[in-house]
Amino acid sequence: MLTCKQASQLISQSLDRPLSWSSRLQLRFHLVICDACTRFKQQLNQLRSAIQRVTLHTESDSTITLSKEAKARIASAIDSKHH
Amino acid sequence: MTQNVNDWLNAHGDYLYRFALARLRDPHQAEDAVQETMLAAIKNNSFEGESSARTWLTGILKHKIIDLQRKQIREQPLSDLIDLDASDSSMDDFFDKSGHWIDRPQEWDMPESALEQKQFLGILSECMDKLPAKLKAIFMMRDVHELENENICKELDITTTNAWVMLYRARMGLRKCLELNWVTG
């Protein structure tokens, strides 16, 4: 039997690689009887989609701009590279 | 060419900056990434107008962002990577000796209204910024850039086991932080 600690590691890894047949089976058995790990699995999925939303949110926030100073720094870096 | 690049900076600089900031989550690094992108644009003047300038520049920027993230992780001393074994004491906060959850994961009340959504994303941002720099960087590479694990390991010169453990720790830390700071149902 998997412990919750082991199950949580497999759940995380399943986002990064295909689990072996026997790990999948053990994990499935564990999830049938364990609400906490089932919720953990759901949380990791929610987390992943939330992170992507945060990224999009920042990316499309037009109030975030390069400061005048930053633009000037970059422009002078471009100049010095070219002359 | 310099003229072109300055035009690009004016037309796309803010967008590129936001794109970098969303992934690096650090204003100075984001500015560096934009600057590096502009310099690279001058150097390998391969833009042929087939795609839009913005798409082309964003493609360069993505590489620059990954370079910076890689640097961030690689600059950490090796010993930090070795003590990343998930079975070590660092997971004692989450599980008891017999491997049971100390605080069982709760059902999350996911935000529905626009206001809640904004609060939730704000808390999540703060939680991400609390992660140790290298965990944050590898987490962003995997869950935002969606780089394959294989590529992450190649980029970072770490084993796949190390990568899994780091991602596990990043996710455990984030969900714990969210659970403490976001109202659960």
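Could you run through segment A:30-55 and say how many residues are over 16 Å from B:Arg169 (Cβ atoms) and free of Cβ contacts under 8 Å to residues at least 24 places away in the same chain?
Qualifying residue count, segment A:30-55: 14.
Here are some conditions: (1) open to solvent by 40 Å² or more (accessible area, probe 1.4 Å); (2) in a loop (DSSP other than H, G, I, E, B). B:Ile158 meets all but one. Which one does it not meet?
(1)
Would you please name the residue that is surrounded by the fewest Cβ atoms within 10 Å (Cβ to Cβ), looking only at residues in segment B:120-134 that are more than 8 Å from chain A (Cβ to nearest Cβ) and under 20 Å from A:Asn45 (Cβ atoms)?
Only one residue fits best here, namely B:Ile123.
Are any of the residues in segment B:144-164 within 22 Å of B:Met110 (Cα to Cα) and without any contact (Cβ under 8 Å) to a residue 40 or more places away in the chain?
No, segment B:144-164 contains no residue that is within 22 Å of B:Met110 (Cα to Cα) and without any contact (Cβ under 8 Å) to a residue 40 or more places away in the chain.
Taking segment A:40-83 as the region of interest, how many residues are more than 15 Å from B:Phe120 (Cα to Cα) and either surrounded by fewer than 18 Cβ atoms within 10 Å (Cβ to Cβ) or β-branched (Val, Ile, Thr) (or both)?
Total meeting the criteria: 23.
Are any of the residues in segment A:9-16 touching a Pro at 6+ places or on another chain (Cβ under 7 Å), within 7 Å of another protein chain (Cβ to nearest Cβ) and at pLDDT 95 or above?
Taking every residue of segment A:9-16 in turn, none turns out to be touching a Pro at 6+ places or on another chain (Cβ under 7 Å), within 7 Å of another protein chain (Cβ to nearest Cβ) and at pLDDT 95 or above.
Can you say whether B:Asp143 is at pLDDT 85 or above, surrounded by 14 or more Cβ atoms within 10 Å (Cβ to Cβ) and of a type in the set (Asp, Glu), as far as the supplied structure shows?
Yes, satisfied.
Determine, yes or no, whether B:Ala137 is surrounded by 16 or more Cβ atoms within 10 Å (Cβ to Cβ), at the interface with chain A (Cβ under 10 Å from one of its Cβ atoms) and more than 18 Å from A:Asn45 (Cα to Cα).
Answer is no for this residue.
Looking at B:Glu148, B:Glu112, which one is at pLDDT below 85, open to solvent by 50 Å² or more (accessible area, probe 1.4 Å), within 16 Å of A:Gln13 (Cα to Cα) and of a type in the set (D, E, K, R)?
Testing whether each residue is at pLDDT below 85, open to solvent by 50 Å² or more (accessible area, probe 1.4 Å), within 16 Å of A:Gln13 (Cα to Cα) and of a type in the set (D, E, K, R) leaves just B:Glu148.
May I ask you to verify whether B:Asp93 is within 26 Å of A:Thr3 (Cα to Cα), open to solvent by 20 Å² or more (accessible area, probe 1.4 Å), charged (D, E, K, R) and more than 7 Å from chain A (Cβ to nearest Cβ)?
yes
The values are calculated or read from the model by the stated rules, or taken from the named source; none is laboratory data. The structure displayed is predicted, hence computed values, not measured ones. When we count neighbours, we look across all protein chains shown, and the Cβ atoms used for this are built from the backbone with ideal geometry, even at glycine. Remember, those area values only see protein heavy atoms, side chains included, never the ligands or the DNA or RNA. Shrake-Rupley method; radii C 1.70, N 1.55, O 1.52, S 1.80 Å.
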